[in-house]
Every structure is written in structure tokens, then in C-alpha cells.
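The block underneath contains the structure these notes are about, expressed in C-alpha cells.
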Amino acid sequence: MSLLQVTNLHATVGAQDEQKAILKGLNLTVNPGEVHAIMGPNGSGKSTLANVLSGRPGYTVTEGSMHLADADLAELEPHERAQIGLFLAFQYPVEIPGVSNMEFLKASVDSLARARGEDQTNTATFIKHIRQLATSVDLDPQFLKRGVNEGFSGGEKKRNEIMQLLLLEPKLAILDETDSGLDIDALQVVAEGVNRYKSENNGVVLITHYQRLLDYIVPDFVHVLADGKIIQSGDKSLALELEDKGYAWLT
Amino acid sequence: MSQTSVDDLVEARSEYSAGFVTDIESDTLPPGLDEHTVRFISARKGEPQWLTDWRLKAFAHWKTMPEPTWAHVHYPPIDFQEISYYSAPKSQADGPQSLDEVDPELLRTYEKLGIPLHEQAVLAGVVNANMPPAPSMGSNVAVDVVFDSVSIATTFKEKLAEAGVIFCPISEAVHSHPELIQKYLGSVIPQKDNFYAALNSAVFSDGSFVYIPKGVRCPMELSTYFRINERNTGQFERTLIIADAGSHVSYLEGCTAPMRDENQLHAAVVELVALEDAEIKYSTVQNWYPGDENGKGGIYNFVTKRGLCGGARSKISWTQVETGSAITWKYPSVVLRGDDSVGEFYSVALTNNRQQADTGTKMIHMGKNTKSTIVSKGISAGRSENCYRGLVRISPTAENARNFTQCDSLLIGGECGAHTFPYIENKNNSAIIEHEASTSKVSDDQLFACQQRGIDSEKAVGMIVNGFCKEVFRELPMEFAVEAGKLLEVSLEGAVG
Ligand SMILES: Nc1ncnc2c1ncn2[C@@H]1O[C@H](COP(=O)(O)OP(=O)(O)OP(=O)(O)O)[C@@H](O)[C@H]1O
Ligand SMILES: [Mg+2]
């Protein structure tokens, strides 16, 4: 069975009276063990796809279907989608002042465990584990005590997302421009994190504008999303071609 | 007595778990207020003549006073003749001599509320399986319980007496310690202080009295638990705490009421006196019935609380977590008369649905080198109105006074209101006064970020709100801090879609 199956997906954004169609018949299949890169012009609907899959309020699916393994995503609340293994690394991670990173992550891990009918991890074990993960993405464990993303630099926020990916070990990871705004070293740290996460049981959807990231995380497929549809798919050489020629020749 | 069954009520509004009615026979004065009412209450308590006169003086003055209208709250005029000013469970007519004599129905009420009234079991170290210590409070808490107009039980009296601590119903203290009552009653909040304080002075029914002798650290937390049960009654309790020189006491107050469609009035007065080097820490978790989501019913909580730092280096600290009541009108204050005295006010006020709160503090600096700290956290959800009102007054005599005020508001949803009215009156140039304020919103993006990590939206709001209140919760005794956190989450149910 495929991990993610998106079929003829149409979605709109905005309030009921002024809905704007963004996704216009999108198809995508991700099998376990695969990395898919999604590229495409600004405003083509890449983040919208990530938001619709993860159930962000404000979007309406008007046609088509989306499944994670055998679960119909449309029937699940956002937190339930997360609980069955859907993870979104945000393009713009949000700050939650007053709630420490540590507390947030413990709540997250506990919710996922509860949903799976497992016991909560003991706090000491958890703290040890999360400290190691922080260090592994080059974040000082002191960051765990600070408010979620509170005052983090752009790069620190992105590394924090990858740390969460490693902590939660989801089935499907959607990374929305996690490479944007990273310096060369941070890019490598992030890529290394994603590669560490990758296994034959899970899948990765990488939304990116830059072929550079794909040097580090090698995709099995590259798709071009334009005007709410996938208009071209290929292997990693497509990314190089896009780098060369831009999108104009496709649209 | 209400015939509505507890189950129906609990089902009707499961969020307010303290909303049940206790089916107990009561001795309730018919509604109405005149001199006879005042005399009746005084006679019922067998009070000495001076106290009857004191009440009558307050009543005479109250009749001349207009109701205050300056607060940012709105409600239909209260008909003071429609309220019953005295209600006592019948079985308590002669007053319980020990817990064994307390009506078991009452004991069950408090058990349900998580208030341990079973000191024998705790003292003996044998916990009866049918009556485990309530998880919400430690077993090392002495409790006075006020049910409608009377105090029904004070636990750990003897253990406290060994330390010389007096902790008893104020109606009892009038007889057992008349000199203390006569000296201190109304010494911080005069009968004429304000409309509701005057009303309370005339008709106050019961409350707690605490005296900590010189140099004594009270060996346990003291606590009063207030409960309004009877319909159409007002609760007018009066608490007086005196910390003699060099003593120390921590006092906790909790309150609940059944859910009723009518509004009920609660007009309490709390007076604190801290002498030289003494310290009083007063914590409140206020969870009176807030009314339903459309604003029907609920308690009008119009309370006057003030402490006097009378001696040098004394300290009074108010910590309040206000989540209940239809309307809260309350400004726990400190008069800093002693040199080097310290006043603190830490507050969390949460309003949801149609609740209204106008709360804050007054810090009156009179002594030299006096210091005050105000930390106020207002959380508004639903269509509620939440208002901070505070006064920092530095008198000409208050050399080197310092105040730090921090006022933060958190909004949940787009239909609620938050307001701050910080007043400063500075008559001494040496004063340093700092004020910080912020307003923030729980954003949809924050909620979604939590949900995307598997945390449902109610838990997420709870986490964000608890984080926002951290500085205040830190000031609460441990057991209460946990309780307060849970209470916030419960009070916010339905605040997010
Ligand atoms: N909440 C919204 N309200 C109105 N328009 C929206 C909303 N969200 C997205 N859009 C519009 O939908 C279109 C697709 O946006 P989306 O963020 O999915 O693009 P993207 O492909 O991720 O672009 P980028 O590469 O710049 O990140 C844009 O035109 C955007 O303005
Ligand atoms: Mg985008």
C-alpha cells in the first residue's frame, strides 16, 4: 500500500463567500522509503498542499481524496492526523511564548503515545533523549528551556523543526522550505537530520526552491507544481534542468 | 429546598463540577433587609451589645450610600430586599462540637469538593479507605468551612492551639477573644469604607478568625472553604487575620456554589494585619459558579480585601486565581505603613463566556523604603470582559518607595475585551515606579502548530494559558498551583472551536 495517496485533489482557501481555488486536480503517490521533491513558482500552491494535507483551518477540499496509509485524512482532525504519523515542518515556525520547548515537546510525545495506546515516556528518559537530539542538530540544549521558537533566529527555528522530526519519527514528513534562510553549515545539519530520519518505512515530501538541498537529500522523484497541479514529474535530473531553465518552458 | 437532582445539574453543565446542590434542611431568614434583620443576625449569634451597635451603625450608613458604578461591569440593579441575609443548615442549630457531630450530608458535600474534613484519620495516620485524603489538598492543611452563613467545622484546632495559633469561626472568636475582635474588627476596612463593605459590616454572618502570636511560624497552611448552597441567599463572610510581631502565616481560601439561574450576591470583607516583621501570605482560588454560557445565573462577587502592613519590615502578599463568578469586583490592597514593609499582589483573572471581571489592587505607600510588586495576568475568552484596575499611591512620607507593576492581557478569540486602568499618584520625588504592560492573543497559528504535533486544541490553549500565568502560579502553595492549572483548563472549556 502506498504511504500517501492524493487523488485529483481540489481545494479552496478563504471564507465561504470568497473562496479562491488553489489546488486544481493534484495527484501524488508516495510509497514507503521514497523521497519526493516538490518545486514550483511562488504562489503555485505548494504550502497550500502541505496545509490541506495537515488540516489547517481555512482550507476546504472541494473534490478528490487524500489518504495516509489506509486513513482518509479528510475525516480526521488536525491533531489526529499528526497522531497517525503526518508531520509538517513549517515554512514559518510560529512562536509560543510562555510554553517552554521542553514542555511542548513532552506534551506532543505524550499525546502521540496516548493515541497509540502506549505508556508515556518517563520524564528523565525523555529529557536525556531530547538533549541528545538538540545537540545533533547543533542546537544548544539551553534552547529547550526557552519558549517555543521564542526569539529563535530563522535558522534556529528550522533546526528546531528537524529536531522535532527526529523526536516524533512520523510516517510521512512534509518539509516546507526547510532549507530557506539557512547558511551552508545549517543546510548540511538539516540535510543530515533528514537523512538520519529516512528509512524504508517512511516517506519524505520536500518542498524546495533550490536544487542545492537535493545534493544532500537525494530525491527519488522531482515534481513541478504550477497553478495547483503537478505538471511535470521526473527524477533528480529534472531539478538540475529547472535550475538551468526556470519554469517558463513548462507552463 | 431545591428538588433538582444533583445528576441533572451535573449533566446540564458538566464543566462546573462543583455545581451540585446539597439536600439539607436549612433555617433561612426570609428575604428582606432592615434593622430587624441586622438585630436578628446579631441575636442569633449571641453577640455582645457593642457588636450589635457596630452593625447597626454600619447599616445606618449603608442606607445613605449609593451603589458604586465606576467599575467596568454591567448588571441589572440588585434588589437588596429580595435577598435572604441568613441561612444555616438546621442540623447545625446548636453548632457542631466536633466533626462527629457534623451532618454526614455536609461531610459528603465537602468530600465531593475535595476538601478534607477528616482530621482524625489524617492525624492518626490511618486513612479510611472510604475517605481518602483529597488529592487536591495536602493533608497538612487546617480547614475552616463556611456553608452558607455559618462555619461548620474547623479542623486541627488542637494542634494549632499547641502553637498558640487561634483559628476559629469569627462568630466564636467574638466570644472567646473579644478583646482581639474589638481591637481589630474594622481597623483596616472601616464600616463606611464602601457600599459593599458597609453592607457586610451590617449583616456579616460568619467567616474565619486567625491570630498568630509573636514569633510563631504557623505550623501548617490555614484554609477556609466557602460554599453557598441555599437559593436566594447572600453570603457575607468576614475574615480577620492578625499576625503579631515576627510571626508568619500562609492562608488559603477556596469557594464554590451550586449552579442556579438567579444571580447570587457574595459580598465578603477580608482584613489582614501584619505587625512588625510579620508576614501574611493570602492565596485565593475563586471558583464561584460563573453562570451559563449565555450569562444566566452566577455569583456577583463584590469583595473588599485589604491588608495593613502596620509594623516595620512586615509583608503582605495576595495571590489570587479568579476563574469563577458572573461578576468579580475586587481589589485586594495593601497599606504599607511600616517602614521597609512589602506589599505584593499576584493575580490571574480568567473570564469566559459572559463573565465580567474588574479586579486589581491598591498599594498605598506611607512608610519609608516601602516596596510593592504587582503582577496581573488577565485572560479573556468568549464574550467576556476583563479589566485590571490598580492604584499605586506614594504619600509624601514614603521616602524611597518602589513599585513594580506588570499587567499582561491574553485574548482568546475575537469577541472578548481586555482593559487596563493603572492609576499612579506620586507625592514623593524619591519614588521609583515602573510599569510594564502587554496584550497578546492566542493565535490560530499557535493552535495549529500545537495540533500539528498531536496536541488537541483544548490542551493547547490550556498549555498556552498556563504558560502565561506561570509567574503567578509560582506564588501559590504547591497543591493549589496544580489545582489552579487544572481549574483554568476546565474554565476555558468551549473557548476554542
Ligand atoms: N489564507 C489565504 N487567503 C488568501 N489567499 C491565500 C491564502 N493562503 C494561500 N493563498 C494564496 O494561495 C496561493 C498559493 O499559496 P501557497 O502559499 O500555497 O504558495 P507556495 O507555492 O507555497 O508559494 P511560495 O513558494 O511563495 O511559498 C497564493 O496565491 C496565495 O496568495
Ligand atoms: Mg510556500
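Quick check: with the 1.4 Å probe, what order do B:86, A:216 take by accessible area, largest first?
These residues rank, largest area first, as A:216, B:86.
For residue A:236, go through the lysines and keep the ones whose alpha-carbon is under 17 Å away, minus same-chain ones fewer than eight residues off.
Within reach: A:245.
Using the alpha-carbon centroid of each, what span in Å lies between the stretch A:176-251 and the stretch A:121-155?
A separation of 27 Å, based on Cα centres.
Suppose accessible area is computed on protein heavy atoms with a 1.4 Å probe; arrange B:64, B:351 from highest to lowest.
The ordering from most to least exposed comes out as B:64, B:351.
Suppose R0 equals 51 Å; then what is the FRET efficiency for residue A:243 and residue B:434 from their Cβ-Cβ distance, rounded to the nearest 0.05?
Calculated value: 0.35.
Largest first, how would A:17, A:227 line up by accessible area (1.4 Å probe)?
A:17, A:227
Using a cut-off of 23 Å between alpha-carbon atoms, which lysines can reach residue B:427, once sequence neighbours fewer than 8 places away in the same chain are excluded?
The qualifying lysines are B:315, B:362, B:368, B:371.
Averaged over A:71-82, how many beta carbons belonging to a partner chain fall within 10 Å of each residue's beta carbon?
Per residue, the number of nearby Cβ atoms from other chains is 3 on average.
Just how much of residue A:75 is accessible, in Å², when a 1.4 Å probe is used and the result is rounded to the nearest 10?
Surface accessible to solvent at residue A:75 totals approximately 140 Å².
Taking every residue in B:455-462, how many Cβ atoms of other protein chains lie within 10 Å of its Cβ, on average?
That average works out to 4.
Counting only DSSP beta bridges with both residues in the stretch A:39-179, what percent are antiparallel, rounded to the nearest 5?
50
What does the helix-only formula give at 222 nm for chain A: each DSSP H stretch with n ≥ 4 adding -39500 (n - 2.57), the total divided by the residues, and the result rounded to the nearest 500 deg cm²/dmol?
The per-residue figure over chain A is -10500 deg cm²/dmol.
Tally Lys and Arg at +1 and Asp and Glu at -1 over the other residues with C-beta under 15 Å from the C-beta of residue A:103: what net charge comes out?
Summing Lys and Arg as +1 and Asp and Glu as -1 gives +4.
How crowded by other chains is A:87-98, given as the mean number of beta carbons from other chains within 10 Å of each beta carbon?
Mean inter-chain Cβ contacts per residue within 10 Å come to 5.
Using Cα positions and a limit of under 20 Å, work out the aspartates and glutamates in reach of residue A:24, with same-chain residues fewer than 8 apart set aside.
Qualifying aspartates and glutamates at Cα under 20 Å: A:63, A:72, A:176, A:227.
Between residue B:182 and residue B:493, how many nm apart are label points set 7 Å from Cα along the C-beta direction?
Between residue B:182 and residue B:493, the label points sit 5.2 nm apart.
Which net charge results when you count Lys and Arg as +1 and Asp and Glu as -1 among the other residues whose beta-carbon is under 13 Å from that of residue A:227?
+4
What is the spin-label model distance, in nm, from residue B:82 to residue B:69 if the labels are put 7 Å beyond Cα along the C-beta direction?
Using points 7 Å along Cα→Cβ, the separation is 1.9 nm.
Each label point is 7 Å from the Cα along the Cα-to-Cβ direction; what then is the distance between the points at residue A:7 and residue B:441, in nm?
4.0
Roughly how many Å² of residue A:221 are accessible to a 1.4 Å probe, to the nearest 10?
Residue A:221 has an accessible surface of roughly 80 Å² with all protein chains in place.
Taking the alpha-carbon centroid of each part, what is the distance from the stretch B:395-414 to the stretch A:2-72 in angstrom?
49
Roughly how big is chain A's charge dipole about its Cα centre, with Cβ charges of +1 (Lys, Arg) and -1 (Asp, Glu), in debye to the nearest 20?
Using only the charged Cβ atoms, the result is roughly 240 debye.
As a test question: what accessible area, to the nearest 10 Å², does residue B:159 have when a 1.4 Å probe is rolled over all protein chains in place?
Answer for residue B:159: close to 90 Å² accessible.
Over chain A, with the other protein chains present, what is the accessible area per residue in square angstrom, probe 1.4 angstrom?
Here the residues of chain A average 44 Å² of exposed surface.
What total accessible surface area, summed over both chains, is buried at the interface between chains B and A, computed with a 1.4 Å probe and given in Å² to the nearest 100?
1900
Any chance you could check the Cα centroid distance between the stretch B:361-392 and the stretch B:199-219 for me, in angstrom?
24
Residue by residue through the stretch B:439-449, which ³J(HN,Hα) values in whole Hz follow from phi under the Karplus form 6.51 cos²θ - 1.76 cosθ + 1.60 (θ = phi - 60°), with glycine and proline marked x?
10, 9, 10, 7, 8, 4, 5, 5, 4, 5, 4
Which entries in B:159/B:470; B:45/B:305; B:214/B:377; B:63/B:330; B:296/B:459 show an alpha-carbon gap greater than 32 Å?
In this structure, B:159/B:470; B:214/B:377 lie more than 32 Å apart at Cα.
Taking every DSSP beta bridge with both residues inside chain A, roughly what % is antiparallel (nearest 5)?
Given both bridge residues lie in chain A, the antiparallel proportion sits at roughly 60 percent.
The values are calculated or read from the model by the stated rules, or taken from the named source; none is laboratory data. All values reported here derive from a predicted model rather than from experimental measurement. Neighbour counts are summed over all protein chains in view; Cβ atoms, including those assigned to glycine, are modelled from backbone coordinates with ideal geometry. Each accessible area value is taken on the protein alone, full model and side chains, heavy atoms only, with ligands, DNA and RNA left out. Shrake-Rupley method; radii C 1.70, N 1.55, O 1.52, S 1.80 Å.
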